[in-house]
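Visitor: Supplied in C-alpha cells, the structure appears directly below.
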Amino acid sequence: MRAWLSCTGAELLARDAADIVGRLAAVQAAQGLSASAEQIGAWEASIARLRAMVAANDGGAWTIALEYDLIRLGKRIDAVVLTDRAIIVLEFKTRDASPTALAEAEDYALDLRDFHAGSRDHPIVPILLTEMAALPLPSQPPLLWHGVVPPVAGGGAGLAALVGWVQRHCPLAQRSLDGAAWLAAPYRPVPGIVEAATMLYARNGVADIAAARADAANLTRTTAAIARAVAQAKADNARVVVFVTGIPGAGKTLCGLNAVFGPARQEGAAFLRSWAGTRAGRSS
C-alpha cells in the first residue's frame, strides 16, 4: 500500500483533523524528514477541503488516499479520491495555477493509468486545486470518459462543486471501484534508463550484452580506452569529454553505458547520447 493514510469518506469526516495531520507527519518523520509549518498548514487546508467535498456529495462510501507515492516520478499525489464513477487525482497548490502545475496533475494521472493495475479500467480525472484562485466550473465535460480525461483546474473553495460536476457527467463504471482492492493493487513502474542500466550491468559485462552487429573485441578496447582517459583526467585533476563515433549498431551506447555503469565505473562520470534526427516529446 503506497498511501501514507487511507480511509473512507465517512472515516474522514469522523476523525479529528489534527489526528489525520499527526499521522501524516509521523509517516514523514519515519522517513527521516520533518514536517514544516508550511506543510502542516497545507495538510490542514487540504483535509478541510476534502471533508467539505465528501459531505457535499454524500461520499461516505468513497475511498480517500492521502500522499500516494509514485516511485517512478519520485513524487507523491496529494490525494486520490475513488468515487463510484471515477478515480480523481488531486494536486493542491496555494497560488500556482499555471499550465505547468496543471500538467503536473496530469502526469500523476498518466502514471497511475500506465503503472497501477487497479486504475486501468476506470476513468481518471486529474484536478488542480489552487487555494488562492477563483475558477469557474468547466464549461463542457469530456466527450469520452476513458483513461485519463483532460485535466481541469479549480479554486480551493470549489472542490466540492468540481467533484460534484464530475459525478454528474461521468457515467457509472462498468466495473465498480473497490477501494480496498485499488489500494492493494500492484504498482509496477518501468525503471528509467539509469536504473535499468545499473541493474543490467550489475549482472552482465559488455561482452555478454553486445548487440549482434557489434564487435565484442572493439567494444572491450573502446571501453578500456574510455576508462584510461577518465583515469588520466582524474590523475591530472582535469575534465575530459570522450566522443565515441561509429555506424548504427557499432556499440557506441554500450561503450558509454559500460564506462559509466560497468565494473570500471568512475565516480562523477556522466553518459550523454546524441539523438540526431529525432525529437523527444510526451505522449498522452
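Laboratory data are not the source of any read-out in this text; all were calculated from the coordinates shown. A quick note: this is a predicted structure, and the numbers were derived from the prediction, not measured. Neighbour counts are summed over all protein chains in view; Cβ atoms, including those assigned to glycine, are modelled from backbone coordinates with ideal geometry.
Visitor: Could you work out the pair-distance distribution P(r) of segment 45-175 from its alpha-carbon pairs, with 5 angstrom bin width and percents rounded to whole numbers?
Guide: 2, 11, 23, 27, 22, 12, 3, 0
Visitor: To the nearest 20 debye, what charge dipole does segment 3-184 have about its Cα centre, counting +1 at the Cβ of each Lys and Arg and -1 at the Cβ of each Asp and Glu?
Guide: 240
Visitor: Limiting things to C-alpha atoms, what are the Rg and the maximum Cα-Cα separation (Dmax) for segment 69-120, in angstroms?
Guide: Considering segment 69-120 through its Cα atoms, Rg and Dmax are 11.3, 33 Å.
Visitor: Using Stokes-Einstein with the Kirkwood hydrodynamic radius over Cα pairs, what translational diffusion coefficient do you get for segment 1-90 at 25 °C and a viscosity of 0.890 mPa s, in µm²/s rounded to a whole number?
Guide: The calculation lands on 183 µm²/s.
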